[in-house]
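Below: one structure, written as structure tokens.
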Amino acid sequence: MRIVHGCFAVVAALVLAWSVAQASHLAEQPKRHKVFYHLDEPGVERAKAVLVNIENHVSVVGWKNIEALELVVHGPALRTFLAKDMDPDVRGKLETLLAGGLRFDACQNTMARQKIEMKDLIEGATPVPSGVVRVMELQEAGYAYIRP
């Protein structure tokens, strides 16, 4: 029985060592990640939760290991990012992420339907013709899709 436990411990240690070595953000030549987050649900708490996920993501892998990072926003969620009414915590988190390199995509279809103009959104927003089409394009380009 002692040999079986010993072998199991060795195998477990090898698997752990291999998985740590495979973590791209820990490797000597880390992979540069292309990632996008998708938000279409309204509300300040939902926006905060997504932005905290993005902050945590950046904290773990580091900006130097991120080739591209986008937040695609459309539908009811876009109203959360109106500059004049924006929650101060949402604004602070988003502005910090934008300064680091986040691209914030705002759906023009949603803007037209909700009568929102670019000047109504936070500075740094990037208009895209369609949020769902942008999601498709990023997936086709090999980005990791995260919908928290």
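Which value in nm describes the separation of the simple spin-label points at R91 and E55, placed 7 Å from the Cα toward the beta carbon?
1.6
Which entries of K64/K119; K48/K119; K84/K115; K34/K119; K48/K115; K31/K64 have Cα-Cα distances beyond 19 Å here?
K64/K119; K48/K119; K34/K119; K48/K115
Where the accessible area of segment 28-84 is counted over protein heavy atoms with a 1.4 Å probe, how much of it, in %, is carbon and sulfur?
On segment 28-84, the fraction of accessible area on carbon and sulfur atoms equals 51 percent.
Within segment 95-121, name every residue whose backbone N is under 19 Å away from a label modeled 7 Å from Cα of K48 along the Cβ vector.
Answer for segment 95-121: 95-98.
Tell me, what HN-Hα J-couplings in whole Hz come from the Karplus equation 6.51 cos²θ - 1.76 cosθ + 1.60 at θ = phi - 60° for each residue of segment 94-109, using x for Gly and Pro?
Rounded to whole hertz, the list is 5, 5, 5, 5, 4, 5, x, x, 5, 9, 10, 8, 10, 6, 6, 4.
Using θ = phi - 60° and the Karplus curve 6.51 cos²θ - 1.76 cosθ + 1.60, what whole-Hz ³J(HN,Hα) does each residue of segment 58-72 get, with Gly and Pro shown as x?
Whole-Hz 3J(HN,Hα) from phi for segment 58-72: 5, 4, 7, 8, x, 4, 5, 9, 10, 6, 8, 9, 10, 10, 9.
Looking at segment 86-127, which GluC sites (Glu not before Pro) are DSSP coil and have at most 16 other C-beta atoms within 10 Å of their C-beta?
Counting only loop positions with at most 16 other Cβ atoms within 10 Å, the GluC sites (Glu not before Pro) in segment 86-127 are E117, E123.
Taking N as the number of residues in segment 44-95, what is its Cα Rg relative to 2.2 N^0.38 Å?
Here the answer is 1.20, to two decimals.
Does segment 69-140 come out rounded, prolate or oblate, given a ≥ b ≥ c as the square roots of the eigenvalues of its C-alpha gyration tensor, rounded meaning a/c under 1.5 and, failing that, prolate meaning a/b above b/c?
The shape class here is oblate.
The values are calculated or read from the model by the stated rules, or taken from the named source; none is laboratory data. Being a predicted model, the structure only gives us computed values, none of them experimental. Positions of Cβ are backbone-derived with ideal geometry, glycine not excepted, and every protein chain shown enters the neighbour counts. Accessible surface areas use protein heavy atoms only, side chains included; no ligands, DNA or RNA. Shrake-Rupley method; radii C 1.70, N 1.55, O 1.52, S 1.80 Å.
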